[in-house]
């Protein structure tokens, strides 16, 4: 596992080195203004994320790597001035591209971002997915039934500064034993675990 996921994660973390310069601010720069809570809150901003994931945990597709690309939209304009606005979702869409020719997928849905402490935050997401997996599986492919299903998971993140954030994410995709369509009773599902780097603008 370390061999497969280690290199992509090292590459992602390597991108962070220029960002660490934010800690060395020029004399006279107000650090509190730069890292104020309002700037660190991405709810009303667009965000692009890229990541590397260990693919297919617990299935025959394990020990391969996915590249992930995702865009997160601003929070829906519902009750923006109310205390409960934090529970309003942010639409998101993205995809997983497997680098070894196993199951790849595209997904869309809602994402909820909750502050935890200081710059730490948690996220939960839920939506639908479509994939190129095999209904009955093969020697190297998991039996996934339908080519569509649910996509959900969670992240634990840290805001490096007003624009950049780093997240550890668990993602699950399956059809939930749906009775809709042919072969939907097959439902091994795909579990991915990895890291994402996000840029808000």
Does residue 124 satisfy the criteria of being touching a helix residue (DSSP H, G or I) at 6+ places or on another chain (Cβ under 8 Å), at negative phi and in contact (Cβ under 8 Å) with a residue 24 or more places away in the chain?
no
Take the conditions touching a residue at least 40 places away in the same chain (Cβ under 8 Å), surrounded by 15 or more Cβ atoms within 10 Å (Cβ to Cβ), out of contact with any strand residue (DSSP E or B) (no Cβ under 6 Å at 6 or more places or on another chain) and within 29 Å of residue 77 (Cβ to Cβ) and apply them to residue 162. Does it pass?
yes
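Within the group 71, 86, which residue is in a helix (DSSP H, G or I), at pLDDT 65 or above and in contact with a strand residue (DSSP E or B) (Cβ under 9 Å, 6 or more places away or on another chain)?
Values: 71 fails: in a helix (DSSP H, G or I).
Only one candidate qualifies: 86.
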Subset of region 174-190 (residues that are more than 19 Å from residue 108 (Cβ to Cβ), at pLDDT below 75 and under 25 Å from the mean Cα position of the chain (by Cα))
177
Answer yes or no: is there a residue in region 176-186 that is under 14 Å from residue 68 (Cβ atoms) and buried (at least 19 other Cβ atoms within 10 Å of the Cβ).
no
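Taking region 39-87 only, how many residues are free of Cβ contacts under 8 Å to residues at least 60 places away in the same chain and within 15 Å of the chain's Cα centre (by Cα)?
Let us first name the residues in region 39-87 that are free of Cβ contacts under 8 Å to residues at least 60 places away in the same chain, namely 44, 62, 67, 69, 71, 73-87.
Subset that is within 15 Å of the chain's Cα centre (by Cα): 67, 69, 71, 73.
Number satisfying all stated conditions: 4.
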Which one is nearest to residue 59 (Cα to Cα), of the residues in region 88-110 that are buried (at least 21 other Cβ atoms within 10 Å of the Cβ) and free of Cβ contacts under 8 Å to residues at least 60 places away in the same chain?
102
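The values are calculated or read from the model by the stated rules, or taken from the named source; none is laboratory data. Worth saying up front: this structure is predicted, and the values here are computed from it rather than measured. FYI the Cβ positions are ideal-geometry reconstructions off the backbone, even for glycines, and counts take in every protein chain you see.
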